[in-house]
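All remarks here apply to the structure that follows.
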Amino acid sequence: MNLHLSATAPGKALVPHYIPAGNECELFELAWKRKLPLLLKGPTGCGKTRFVSHMAARLGLPLSTVSCHDDLAAADLTGRYLLKGGDTVWVDGPLTRAVRNGGVCYLDEVVEARKDVAVVLHPLTDDRRILPLERTGETLEAPAEFMLVVSYNPGYQNILKALKPSTKQRFVAIEFDFLPKEQEIAIVSAESGLEERHVAPLVNLAQRLRAMKGHDLEEGVSTRLLVYCASLIESGLTPREAISAAMIEPLTDDPDVRLALREVAGAII
Ligand code: ADP
């Protein structure tokens, strides 16, 4: 089992910095008030996770984040019986804990998880808002303070990994994309400490490289990689080295494509 969990205590966490692209903060708050589950769609590294931690902290809610992967099964979310000192005891998984105690449960890249996860999510994402635990015989009713948020990246174009309509249609959905240039420059500068005038050419380059997505590249440069690149420059690496390490090498292993990316970078920086 490989769960990446993080938790923020209610009221204690500082609100993580987040620059909204549109009305997503209002939408999140309304979905929360009306007990509606939320689906965030968008490419990797464009701010979905940051958005959820920002909103959870803003609303004073505990947050449980689970990074889903192809080995993650329903029992990893609900819980299982474990041997403890000779006794067999039930241990709640992160979803069950969030349903029992209230708070936001965020399943990142939910489409990666095994199919049985959908079976657990369905009764939680309609008006029943229940979590049946077959193994313990309990049926938990989600309290008003519980909210389920899931994310996925529709851009992978993997038919086997698409979210089924029967699952998708249980969520209010928000589409995320990379922010317009000026906003992205502001974010990368704020996150890395590099002055905006030095960040601007990096964002220009990212936009050029994103335009190559689908041709030579599976994914474009994410805001996350831009933040990495700017941080390396701010720490003293030359822009050329930083771009290579953070904006070219992570995108492709193909030597020809790498060469093409270097040429694009050379023409801009
Ligand atoms: P995702 O969950 O979509 O893969 P993240 O939320 O981890 O992406 O975003 C990656 C990084 O990009 C964040 O850690 C943050 O530094 C930066 N970032 C992206 N969008 C924003 C935003 N709107 N406001 C502030 N930071 C952002």
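What follows draws every value from the coordinates through simple rules; no lab data is involved. The structure presented is a predicted model; accordingly, all values stated were derived computationally and were not measured. A quick note on method: Cβ atoms are made from the backbone with ideal geometry, for glycine too, and the neighbour counts reach across all protein chains shown.
With only alpha-carbon atoms in the gyration tensor, what are the semi-axes of the equivalent ellipsoid for the chain, in Å, largest first?
Over the Cα atoms of the chain, the semi-axes work out to 37, 20, 18 Å.
Quick one: which residues, 5 or more positions from THR65 or on another chain, have an amide H under 5 Å from its amide H? H modelled 1.01 Å from N in the peptide plane, none for Pro or chain starts.
It is SER6, TYR106, by chain and number.
For the pair SER235/ARG34, report the inter-label distance in nm, with labels modelled 7 Å from Cα in the Cβ direction.
4.5
Sort 232-241, 83-92 by the packing proxy (mean of other Cβ within 10 Å over each peptide's residues), most packed first.
By packing density, highest mean first, the sequence is 232-241, 83-92.
How much length would be gained if the chain were fully extended between ALA267 and HIS215, taking 0.36 nm per residue of separation minus their Cα-Cα distance, in nm to one decimal?
16.8 nm
With a sphere of radius 15 Å drawn around the Cβ of VAL149, what net charge do the other residues whose Cβ falls strictly inside it have (Lys, Arg +1; Asp, Glu -1)?
Its environment carries a net charge of +4.
At a Cα cut-off below 23 Å, give the lysines reachable from LYS164, other chains included and same-chain residues fewer than 8 away excluded.
Output for LYS164: LYS35, LYS41, LYS48, LYS115.
Grab the beta carbon distance between ALA245 and TYR81, set R0 = 35 Å, and tell me the FRET efficiency rounded to 0.05.
Efficiency at R0 = 35 Å is approximately 0.15.
When ranked by the protection proxy of mean other Cβ atoms within 10 Å per residue, highest first, what sequence do the peptides 216-226, 46-56 form?
Ranked by mean Cβ neighbours within 10 Å, highest first: 46-56, 216-226.
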